[in-house]
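Worksheet: one structure, shown below.
What follows is calculated from the coordinates using simple rules that are stated; it is not laboratory data. Just so it is clear, the structure is predicted and the values come from calculations on it, not from any experiment. Neighbour counts run over all protein chains shown; Cβ positions are idealised from the backbone, glycine included.
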Amino acid sequence: MSRWRASKVTERSVAMTPREREIALRVERDLSNYEIARKLGVKLGTVKTHVHNIFIKGGMSPRSRGAMTAAGIERIREAQRRRWQRWRAARSVDNT
């Protein structure tokens, strides 16, 4: 059994610390680890450790985090494509 399984995490250890909750909220707002570290006045490594612990407590393995990140990147790219298409469409209307 993988060491990343949520079943191995005890109920007591699942509770996030106040700092982990604070960082989780900033991650949810799509801030980078660097931005979070700068805003909280802590080192980048500290933020990375908290983020790692948040994912582990949520039962998420590094592999599934990677898949989730890849899916998020694809959604961002698609949104950028749509914005670009709207911008181009608006410019072509203005030029006619």
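Across segment 8-60, Cα-Cα pairs more than 13 Å apart make up 55 percent of the total. Shown for Glu35, Glu78: other C-beta atoms within 10 Å of each C-beta, ranked fewest to most, produce the order Glu78, Glu35.
Neighbours of Ala37 by Cβ distance under 9 Å: Lys/Arg scored +1, Asp/Glu scored -1, total +3.
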